[in-house]
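Coordinate-derived values only; no laboratory data. Being a predicted model, the structure only gives us computed values, none of them experimental. Cβ atoms come from the backbone with ideal geometry, glycine included; neighbour counts cover every protein chain shown.
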Amino acid sequence: LLFILQPDVFLNSAYSRNCNYSVLSGSSVPDSYRQLQTNYIYKGEKSMKLLKDRILKDGVVKPGNILKVDSFLNHQMDITLINEIGKEFKRRFSDCPITKILTIEASGIGIACIAAQYFDVPVVFAKKAQSVNLDGEMYTTKVESFTHKKVYDVILSKKFLGPEDHVLLIDDFLANGCALLGLIDIVKKSGATLEGAGIVIEKGFQHGGQEIRDMGIRLESLAIVDSMTEIP
Ligand code: 5GP
């Protein structure tokens, strides 16, 4: 299993986006690589270190560029870790007048709920629906699922988001950006102000992050994986 994780460019401006560290794990890993891993991790802040350590320790690369983090984020949830993630989102967006956190079902919900305790705001989640009755009471958009390769209608009741809101988007992964672009479209339709997006794991080798940043949206990813390769 090979990960190349980016240093946290948002936490410490001394880090350059081009400065990558190779991080290998597994029994046949040369010591030189282990050294790089240590150098890298101890430059991060506490919550980042916890997250990067955990990705390196328990992340599994699956065919199709899928990073499985089922043991701590997507199936079993490590609440101590997610609590640190929630605090870190609050730290990064502490200057924003957030009134609502918006996420998409299902895997973003738990993370958003824990983060929301630090912002003291409600969480609202967009629901995936197979078909939509356009009755005027819902904001609707379409999202292509990266993991399931399906297009979903995504809906949100107009009751729960409006022009008075300042929104922080939260999700577990950012890959091609479809989920986030769907949420951005809903915020636009609601007339609310989009303050930014917080992502736990960004796959930096896919185009979503670039696209969102190019739109001028403030995007904070707590770990950026630059590449991943299965080592047999
Ligand atoms: P995007 O819409 O940015 O292409 O993909 C983001 C969504 O797909 C996330 O909400 C996440 O649920 C899922 N996803 C994308 N890539 C991965 C991955 O490598 N691992 C996991 N577990 N989920 C992913």
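A Förster distance of 41 Å, applied to the separation of the beta-carbon atoms of Asn83 and Phe160, puts the FRET efficiency at 0.95. So how much slack lies between Phe205 and Gln76, counting 0.36 nm per residue of separation and subtracting their Cα-Cα distance, in nm? Contour length minus Cα-Cα distance gives 43.8 nm. Its Cα centre serving as origin, the range 88-232 has a Cβ charge dipole (Lys and Arg +1, Asp and Glu -1) of approximately 220 debye.
Label positions at Asp53 and Ile66, each projected 7 Å from the Cα along the C-beta direction, are separated by 2.9 nm.
Histogrammed with a bin width of 5 Å, the alpha carbon distances of the range 107-232 distribute as 2, 10, 19, 23, 21, 14, 6, 2, 1, 1, 0 percent, first bin at zero.
Take the Cβ atoms of Thr147 and Asp120, set R0 to 30 Å, and the FRET efficiency comes out at 0.40.
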